[in-house]
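Q: Sending over a structure as structure tokens; questions will come in a sec.
The values are calculated or read from the model by the stated rules, or taken from the named source; none is laboratory data. It should be emphasised that the depicted structure is a prediction, and the values quoted were computed from it without experimental measurement. Cβ atoms come from the backbone with ideal geometry, glycine included; neighbour counts cover every protein chain shown. What goes into the accessible areas is simple: the full protein's heavy atoms, side chains included, and nothing from ligands, DNA or RNA. Shrake-Rupley method; radii C 1.70, N 1.55, O 1.52, S 1.80 Å.
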Amino acid sequence: MASFESKRRALGVPSLAQPPLRGQRGEKGATGPAGSGATGATGADGTNGATGATGATGATGSTGATGAGATGATGATGAAGATGATGTGAPKAGAIHETFCGGTSSAVTATSSNADIGDLGWNTIAQVDATDAAVQKQAASAGAIGHVRLLSPSLNTSAFFYLYLGNPDSGIIAMADWKEFTWRVRFDTSAFGTEGVGLCSVITDDGSGPEDWVFFLASGGNILAQAQHGFTASTHDTGVAVDGNFHDCRVVQASSSSIEFYIDGSLVFTATTHLPTVPLMPAAFAECGGFGIGFQTHVDLDDFILIPV
């Protein structure tokens, strides 16, 4: 059987029992053990950062080393030049070339009637018929393969001895017809007289000598270059010593008013006054200085070449 009190509770009637007295606060309970919570979930990926600003322009790089380019290929051969037009002037005679290797082998004196000297048949003319004036064949020597020696007379007065090619009374070649000539010559180093080589006009034996010439002259010292017309001359000291050696003495008609003198290829004088105007001939001479018997001068002649225009 249910108790009374339980019936009262069932009917909602308050209990008639006295309320319990409030008890004293109990002591604080001990700290419980640390919780072991589960690991949190991984966070989501962050968003991409903003694009960085454009960097500054880099500094200009240094100049690179010079390249060593390969040599270019050889150019093609140029086309042949056009054939020159045929000249209308009359042909000139060929060059005159004398080696002095031919002709007579005996000495030719001032009294010889027919000299026949060299390959071309040169002749002589003397101011005085002195027997010691002569043209002598010489053996080969340093700088010359066969040559002749033109010896002056030896007298107490000056006197010349000429070797020439052509006609001594008229000359053989007009000024307008030759371009250049060369004598290969060795002058005497003594000063017992004068020697000369070149082209000259009429040769007479009266002692006056040619009126016109283009000559190289020597009397010891230095070689002289001379252009002469009517016995009036332009003379120049070339500064080239008479040294006992052969020299190539060349003359060129540069123009109608200019004659050039060369020694061994070097220009030594240009004559513009007192130029010859008459026909000339190749010639050489040796002239004694009047020192007496036994004192002669000479000139050695190896080659002569004349080139026409």
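Q: For the stretch 256-276, enumerate the residues that are at pLDDT 95 or above and open to solvent by 50 Å² or more (accessible area, probe 1.4 Å).
A: Ser257, Asp264, Gly265, Ser266, Leu267, Thr270, Thr272, Thr273, His274
Q: Can you find a residue that is open to solvent by 20 Å² or more (accessible area, probe 1.4 Å), among the acidic types (Asp, Glu) and either touching a residue at least 24 places away in the same chain (Cβ under 8 Å) or not in a strand (DSSP E or B) (or both) anywhere in the stretch 170-181?
A: Yes - at least one qualifying residue is present in the stretch 170-181.
Q: Does Val309 qualify as being modelled with pLDDT under 95 and open to solvent by 10 Å² or more (accessible area, probe 1.4 Å)?
A: Working: modelled with pLDDT under 95: yes; open to solvent by 10 Å² or more (accessible area, probe 1.4 Å): yes.
Answer is yes for this residue.
Q: Among the acidic types (Asp, Glu) and more than 35 Å from the chain's Cα centre (by Cα): which single residue out of Asp243, Asp206 fits that description?
A: Asp206
Q: Report, by residue number, each residue of the stretch 277-306 that is in a loop (DSSP other than H, G, I, E, B) and open to solvent by 40 Å² or more (accessible area, probe 1.4 Å).
A: Of everything in the stretch 277-306, those that are in a loop (DSSP other than H, G, I, E, B) and open to solvent by 40 Å² or more (accessible area, probe 1.4 Å) turn out to be Thr277, Val278, Pro279, Phe291, Ile293, Gly294, Phe295, Gln296.
Residues are listed down the side, and each one gets a yes or a no for (1) in a strand (DSSP E or B); (2) open to solvent by 30 Å² or more (accessible area, probe 1.4 Å):
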site: Ser190; (1), (2): no, no
site: Thr194; (1), (2): yes, yes
site: Thr204; (1), (2): no, yes
site: Phe215; (1), (2): yes, no
site: Leu224; (1), (2): yes, yes
site: Ser234; (1), (2): yes, no
site: Arg250; (1), (2): yes, yes
